[in-house]
1. For region 321-437, what is the convex hull volume of its Cα atoms per residue in Å³?
2. So what are the ³J(HN,Hα) numbers for region 128-135, from phi and the Karplus equation (6.51, -1.76, 1.60; θ = phi - 60°), rounded to whole Hz, Gly and Pro as x?
3. Taking region 55-95 as the region of interest, what is the percent of Cα-Cα pairs per 10 angstrom bin, listed from the shortest bin to the one with the maximum distance?
4. If you average the sequence gap of Cα pairs under 8 Å that are 6 or more apart and divide by the length of the chain, what percent do you get for the contact order?
5. Run the reach check for residue 196 against lysines, Cα to Cα strictly under 27 Å, same-chain hits fewer than 8 apart removed. What comes back?
6. In square angstrom, rounded to the nearest 10, how much accessible surface does residue 73 have for a 1.4 Å probe?
7. Report the Rg/Rh value for region 122-246, based on alpha-carbon coordinates and the Kirkwood definition of Rh.
8. Within region 131-168, list the residues whose amide N lies under 16 Å from a label point set 7 Å along Cα→Cβ of residue 84.
Amino acid sequence: MLASLRRRTAALASAGLAVALMAGCSTTGAQEPETDPSTGSQETTAELSGTLTLATSSDLGPKLFIDDFTAETGVEVQGTYAEAGALGEQIRIQVTSGTAPDLFRSAPGFAAPSSVLNLANEGALRDLSDQPWAQYVPESFSRLQSVDGETYAFPTYGQAMLAFYNKDVFEEVGVEPPTTWSEFIEIMDELKAAGKVPIALGLADNYIMQFLPFALAGTLVDGLEPDFYEKLDAGETSFVESEGWRKTFELFVGLVEDGYTTPDPLGMPGDPAMQSVASGDAAIVVMPSAASPVLAGLMTGGEDRMGSFAIPATDDASETIVPFTPDYLVVNADAKNGDAALAFLEYISTPERASQWAAEVGAIPALTNAEPIDNDVNRTMQPFLSSGQVAPFSNHGWPGGQVAGALMEVGQQVVEGSKSIDDLLAAMDAAYQEAMQ
């Protein structure tokens, strides 16, 4: 998939812009940094000065370090903060006009026009492969931030697609988090028999249609069919032919048809579904971990009464793969203060600071050498992160937004009963082909 999209985005970029951006890739004569053998971090000895321009979707992470970075380096940091969608549109315009900041937030993969791989393919981003923290980027992120083996983004933190549950409900019914699909179904039966809604599902908000399938596809597609996307790009397979994607939707639809979810999920919005778990009417909600602080805030007892587990999709617990996807900072290839941008990334990449940033935004440290955070979500994720049993959210590897759009629209019709799983897979194939044209 990367090769064909690289060819297409390169063809679309104007020759003048490409030349200008590629020219900005040359590095200045900074001194060679020294490595701290205890952390793998390097202390920059180059002379730094001037102003670093930074644009992200929130100041929550950066504000922890900007003052100390300035005090230690003498570099002033000029931050701009905006909602992710608006920021992405602004960055796209700025890159085209040559006015983009030195360091800015970029979405994973091909998720948006200003996302990492789209900009990297245009020559708009600096290659960061030689940076000391690059060795600690999870291998599973490679298809979201690498082109021809070169790394173009720094993962500030990650979020996982997990099942979040009300501990009081689990204790009342006498069930424990499952590790296999059979155990999962047994728990569904026990919760249902106790008068609880096993899984709160708010499909009135169509984006939630993605959550449970993504959780299952981590194992069934990325884990058991790992070459699917390479073969899809080569025209050697399709969503219709994918055993993993078919099984994903069969399991998902089966949960709805067997009465293990909200009785009318298409009539339930996402927020009330989450609230039903907080109140104890329902037991489980599947969602990105970034939303877990909201659920914890709704629950009596707060975070202490909220648990989490990885959704299994087979009867072999060792096969479970958790969707885990990053948020990124990238360096403008034409940065006016590129040395300062690299120094800032190095500064925030230490194990302690990487964890502090993640904790501040309620997320999971992305770098593999980061200090684990002592909360339920991070305790759930650490075994999977340590063993490499993670894969990106499915939609972050899809070109454009067409495939995700097809999943959300036709997926709702499958739940409604007006379309079949075959129809859904065919719609995803058609959307993929449209995105590739």
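The values are calculated or read from the model by the stated rules, or taken from the named source; none is laboratory data. Predicted model only: the values in this text are computed from it and were never measured. Heads up, the Cβs are rebuilt from the backbone with ideal geometry, glycines too, and the neighbour counts pull from every protein chain shown. Please note that ligands, DNA and RNA were not included when accessible areas were found on the heavy atoms of the full protein model with its side chains. Shrake-Rupley method; radii C 1.70, N 1.55, O 1.52, S 1.80 Å.
1. Taking only Cα atoms, region 321-437 has a hull volume of 156 Å³ per residue.
2. Karplus-based 3J(HN,Hα) across region 128-135 equals 10, 4, 8, 6, x, 7, 4, 5 Hz.
3. 28, 42, 27, 3
4. RCO, the chain: 25 percent.
5. Cα-Cα hits under 27 Å: 167, 247.
6. Solvent-accessible area, nearest 10 Å²: 40 Å².
7. Result for region 122-246 is an Rg/Rh of 1.08.
8. 144-145, 154-162
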